[in-house]
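**Q** Okay, handing you the structure first.
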Amino acid sequence: MGGTDRSTSLRSDERSTSLKSVFHIPEIGVPLHRNTHKPTLILVTHGHDDHFAPEAVAFVETPTTRIVVPESMESEVPGAIGLANGETATIDGVTVEAIPMYNIRRGLESGGPFHLRGEGNGYVVTVGGERLYVAGGTQCVPEVPALEGLDL
């Protein structure tokens, strides 16, 4: 997998400017700065407020920014590209694969898992010849170790 200098390139307000595309994953509590780079692609893993902050999207979005969301959130984010688990889209030369993101073990007081299968996505992003994995809020479910050819 990639070196430490790239390990944060798809996390929160970090960006990967060496790959010709700028990514942003909006999370609550991430400080927004005037100098934040404007992304060309925003990836939303699921709708929980610790992983999706509409105000963060509004702050960094431009008229040409493309937003990818789980299919379950498509109606909540105007103009977004909704992907179901297993679907793939190519956006401005960047391939985005929606990977299942869910929990097996219980996480709620009710005894159920906190993230249900099919409600959210992890993503494998292929750009500049590299395959980068964005986990989202998943546990290490069977689909995760089955991913092959990842660079980060």
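The values are calculated or read from the model by the stated rules, or taken from the named source; none is laboratory data. Every value quoted in this text rests on a predicted model; they were computed, and no experiment measured them. Counting neighbours? That spans all protein chains shown, and the Cβs are built from the backbone with ideal geometry, glycine included.
**Q** Give all pairs with beta carbons closer than 6 Å in which a residue from region 138-152 that is more than 9 Å from PRO100 (Cα to Cα) meets a residue that is of a type in the set (S, T, N, Q) and part of a loop (DSSP other than H, G, I, E, B); count only pairs at least 6 apart in sequence or on separate chains.
**A** GLN139/ASN103
**Q** Being surrounded by 14 or more Cβ atoms within 10 Å (Cβ to Cβ) and assigned to a loop (DSSP other than H, G, I, E, B) is the filter; apply it to region 88-113 and report the residue that is modelled with the highest pLDDT.
**A** Step by step, filter region 88-113, then rank; the result is TYR102.
So that you can scan it fast, the table gives a plain yes or no per residue for (1) buried (at least 19 other Cβ atoms within 10 Å of the Cβ); (2) over 18 Å from ASN121 (Cα atoms); (3) within 14 Å of the chain's Cα centre (by Cα):
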| site | (1), (2), (3) |
| --- | --- |
| GLU55 | no, yes, no |
| PHE59 | no, yes, no |
| THR64 | no, yes, no |
| VAL69 | yes, no, yes |
| MET73 | yes, no, yes |
| ALA84 | no, no, yes |
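**Q** Determine, yes or no, whether ILE67 is β-branched (Val, Ile, Thr), over 20 Å from LEU150 (Cβ atoms), at pLDDT 85 or above and touching a Leu at 6+ places or on another chain (Cβ under 9 Å).
**A** In short, yes.
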